[in-house]
Each structure stands twice: as C-alpha cells, then as structure tokens.
Amino acid sequence: MVDPDPADGGDPSESDPVVAAIFDAVAATAPEIRAALPGRRVESGTDNPSGESVLAGDLYADELLADALTAVDGVGSFVSEERETAVDAGGAVGEGAYAVAIDPLDGSSNLRSNNAMGTVVGVYDAPLPATGRDLVAAGYVLYGPITTMIVADEEGVREEVVERESNGSGSRSVVEDDLTLPDDPLVYGFGGRVPDWPADFTAFAREIEDELKLRYGGAMVGDVNQVLTYGGLFAYPALVDAPEGKLRLSFEANPIAYIVERAGGAATDGDTDILDVEPEGVHDRVPLYVGNEGLVKRLEDALADG
Ligand code: AHG
Ligand code: MN
Ligand code: MN
C-alpha cells in the first residue's frame, strides 16, 4: 500500500553510505532537471555514442548529474549514455570506489509530446564494461505527474517521492519500503514496430495481447514503472534488422533487470539473464524482456521453440 501522503514518508534506508549519498545526489538534481525541461525540447545538433541525436535536455541533465555525482565521496567514475568515455572522479573503481552509470534522460523523445521520462542509475562495483552482477544498487527517477524515485539495493526495492525544497534542491522520502511485483500480471508494453518483430516474438505477442492490457508510453522508465506497479511484461525486443534491439546494457537493461529481479521478477535478453550478459563495450545494446517470472519464462520458451 503506497502511503497517500508523502509528507509522512520515511527516511531513506540504504545501508551503504556511498549508495545513500549517490541517491541523495540524484534526488537533489531532479527538481532542477525537471524545471529545465520546458526550455530544452530542441535538438542539440550532436549525436551520442549510440549514434542517436541528443536533445538539449539530455545534455543539461548529463552535465548536472556529472557535477553532482563526481562530487560524491566513494564515486570513482561517472559513465554516461551521452559520453564516449568515463569521467574520472578519483578513487579506484572496484577497490573501494564505485562506477556510476547514468542514462541522464531516458525517453527524451517524450519531451516534445510532454509524456513521462526519467533518469536511470546503475551503481557498479567494477569498471565498465561490467556485467549486471557487478551492480550493488540501481534505480530511476520518473518525471511523471509527480517526481518519484525507485531505489533498489541488497535490502530490496523502495519507492520514494522527490520533493523540491525551498533552495531548489530535491529531497527524497520513502513511500513504499518493500516494493514487489504483483503476482497477477495486468499490463504489457512492447517496443519497436510490429513488422520489425521476428516471427517467434510476434506469435508470443499475439498470445499476450489476448491476456493483458497494453501500456506503452515510449519511455522505458515509465513503461517499467507500470510493470512494477501492476505486474506484467515490458520488452524492447530483438528486431529483424536489429538483433541487438535498442536498449543499452550498461545504462538501461542492467539497472532495470537489477531492480525488477530484486522486486521478485525476471529479466532476459531472450535466453540469458540480463545480469549475466557479458558486454564487449560500454555502449553495447541488448534485447530486454522484463517482468513477472512466469511471463519471462514463457517468452524464453517461445523464442527457443522459434
Ligand atoms: P533514450 O531516450 O535514453 O534514448 O531511451 C529511449 C528508449 C527507451 O526509453 C524506450 O523504451 C525506447 O527508447 C523507445 O523506443 P521507440 O521510440 O522505438 O519506441
Ligand atoms: Mn534510455
Ligand atoms: Mn537517454
């Protein structure tokens, strides 16, 4: 049951002080990122390492988060979807310092249509490229009607409300301290164009369409939050002309897989647990299917039977 009044929310509860400081810093920047969005809906004129055009909002969020997170004691490097290389923050990653991987603005194409988007955070105890098993925590900010933040660590998954303080900084308070996937799935959301889906995924999707309600908003964090709230399945599948799908392992799939698995769900690239996928590069893409364990298992069987 989510506390209806965030003012009664509880204090954040990460046992690792560096992880707590990382999510304090992410929450602190959230109101300023949100306030900057109206004036940054335009193309920046640059592309990111994934070859995608970058909006002014992407760059602004990236700069703000880089400044905030490289200042956190215990952060050894800042790695971003928008940057070719890591920003050195001092401290040896994997030897007492963490690498923080950020998708500064996930779903930024929703800026023009004023729909949900967010910031994805992965806290790795190893230099990138790393597997999801090197994650010690993960989370995301969701810029929806209200600003919330999901934080997952070894204690479990928590939902927080982020509120703007009088000094413009964001503070966070826990409104759900043990978030778990509902047992009975209700929603699904599958990315990509239907004609680009491989035949085996299309057949699987047709089954799911007869069982669940479509919830696809074009921003992974918003669509995954639907699955965390109501139970179901989110996928950005392998496509006929893009067998690696669209989402990046380091910045999107690993953090989301970590969160959903801690909430009692599962995440796969089609046949391997996302957290076990061995990347070659920091910006590697991977197909992502994530949600209730039974649905993920059905998906893997459907793709195996081809
Ligand atoms: P980003 O804005 O960080 O590039 O991420 C966009 C991703 C993800 O948020 C979403 O699931 C997917 O792109 C949507 O892709 P389509 O526009 O092809 O549906
Ligand atoms: Mn993204
Ligand atoms: Mn992004």
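The table below lists the values:
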read-out	value
Qualifying residue in segment 203-213 (condition: touching a helix residue (DSSP H, G or I) at 6+ places or on another chain (Cβ under 9 Å), surrounded by 17 or more Cβ atoms within 10 Å (Cβ to Cβ) and small (Gly, Ala, Ser))	yes
Some residue of segment 165-185 being surrounded by fewer than 17 Cβ atoms within 10 Å (Cβ to Cβ) and not in a loop (DSSP other than H, G, I, E, B)	no
Residue match in segment 94-113 (condition: within 21 Å of residue 48 (Cβ to Cβ), basic (Lys, Arg) and either in a loop (DSSP other than H, G, I, E, B) or more than 15 Å from ligand 3 (Cβ to nearest atom) (or both))	yes
Test: residue in segment 104-111 that is modelled with pLDDT of 90 or more, away from ligand 2 (no atom under 16 Å from the Cβ) and surrounded by fewer than 22 Cβ atoms within 10 Å (Cβ to Cβ)	no
Filter result for residue 193 (of a type in the set (Lys, Arg) and either more than 12 Å from ligand 1 (Cβ to nearest atom) or open to solvent by less than 30 Å² (accessible area, probe 1.4 Å) (or both))	no
Any chance residue 63 is open to solvent by 30 Å² or more (accessible area, probe 1.4 Å) and outside any loop (DSSP other than H, G, I, E, B)	yes
Those residues of segment 114-130 which are part of a strand (DSSP E or B) and either away from ligand 2 (no atom under 16 Å from the Cβ) or in contact with a His (Cβ under 8 Å, 6 or more places away or on another chain) (or both), in sequence order	123, 124
Segment 76-93, residues that are away from ligand 3 (no atom under 16 Å from the Cβ) and assigned to a loop (DSSP other than H, G, I, E, B)	85, 86, 89, 90, 91, 92
Count of segment 220-253 residues which are hydrophobic (A, V, I, L, M, F, W, C) and out of contact with any Gly (no Cβ under 9 Å at 6 or more places or on another chain)	1
Those residues of segment 224-244 which are open to solvent by less than 10 Å² (accessible area, probe 1.4 Å) and either touching a helix residue (DSSP H, G or I) at 6+ places or on another chain (Cβ under 6 Å) or not hydrophobic (A, V, I, L, M, F, W, C) (or both), in sequence order	224, 231, 232, 233, 234, 237
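To keep it simple, each residue is scored yes or no on (1) more than 14 Å from the chain's Cα centre (by Cα); (2) open to solvent by 30 Å² or more (accessible area, probe 1.4 Å); (3) modelled with pLDDT of 95 or more; (4) among the aromatic types (Phe, Trp, Tyr).
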position	(1), (2), (3), (4)
76	yes, no, yes, no
79	yes, no, yes, no
118	no, no, yes, no
129	yes, yes, yes, no
133	yes, yes, yes, no
137	no, no, yes, no
151	no, no, yes, no
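The values are calculated or read from the model by the stated rules, or taken from the named source; none is laboratory data. As the structure is a prediction and not an experimental result, all values here were calculated from the model. Heads up, the Cβs are rebuilt from the backbone with ideal geometry, glycines too, and the neighbour counts pull from every protein chain shown. These area figures cover heavy atoms from the full protein model, side chains too; ligands, DNA and RNA do not enter into them. Shrake-Rupley method; radii C 1.70, N 1.55, O 1.52, S 1.80 Å.
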